[in-house]
Amino acid sequence: MSLIATTGSGSTFINAPAGMHLARCYRIVDLGTQKSEFQGQIKHLQKIIIQFEIHGEDDAGKPLVTEKGEPMSISKNYTLSLADKANLRRDLTTWRGKEFTKDEERGFALKNLLGVWAMLSVIKAEGNNGKEYTNIASINPVPKAMKANLPDGHNEPKIYSITEHDEEFFQTFSNYIKGKIMESPEYQSRFQRSEKAAEKPKGASFDDMEDDLPF
């Protein structure tokens, strides 16, 4: 599986160019509960990241690959919600090309997105630090004419959940993503319990407090 370079790896992250790109969902990451501020209001919301690998060429016909020759990647953060005005619901609706049923609203398994192809509309944006970034503006289904000639995927499709923490997988994330996960109360609670369990005398029992995430 291709690893995501951390800030200490010596690699330079290259932003995907603006435009419409063929992409494949290869990773979904549970960030746990994160602090969000909008229009002066502070909320604590459960967040996820959906990551895509991009396939294709730029305007000059150059393959969209990293310094290692791997597909460029791009991601988008979401609140884990299918509420009517939620960004996740909006993007999944355009991606699937259909609205959610009542049954799906009660629990849609995000793992079903892994390995699925999409057309991403990517735009340039300036961050609060003054740097230029590229963001996913919309996610759309792949046209039928393209489906017969899709390239092979590169990265292993995989999902990360704090409640089913995989340390080896966790270490492939960028320092920024690892830091956000480690700030979450879910991560801190999990590892505080692990430390307390290790301190208990042999034979002691404890309750399993880990609830499954809705994906």
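List of remarks:
- Filter result for Leu80 (touching a residue at least 12 places away in the same chain (Cβ under 8 Å) and in contact with a His (Cβ under 8 Å, 6 or more places away or on another chain)): no
- Condition met for Gly130 (open to solvent by less than 50 Å² (accessible area, probe 1.4 Å), without any contact (Cβ under 8 Å) to a residue 40 or more places away in the chain and in a loop (DSSP other than H, G, I, E, B)): yes
- Residues in the range 43-99 that are part of a strand (DSSP E or B), under 30 Å from Pro185 (Cα atoms), of a type in the set (A, V, I, L, M, F, W, C) and out of contact with any Phe, Trp or Tyr (no Cβ under 6 Å at 6 or more places or on another chain): Leu45, Ile49, Ile50, Phe52.
- Looking only at the range 144-189, residues that are in a helix (DSSP H, G or I) and among the β-branched types (Val, Ile, Thr) come to 4 in all.
The values are calculated or read from the model by the stated rules, or taken from the named source; none is laboratory data. The structure displayed is predicted, hence computed values, not measured ones. Glycine gets a Cβ as well: all are built from the backbone with ideal geometry, and neighbour counts include every protein chain shown. Heavy atoms of the whole protein, side chains included, go into the accessibility calculation; ligands, DNA and RNA do not. Shrake-Rupley method; radii C 1.70, N 1.55, O 1.52, S 1.80 Å.
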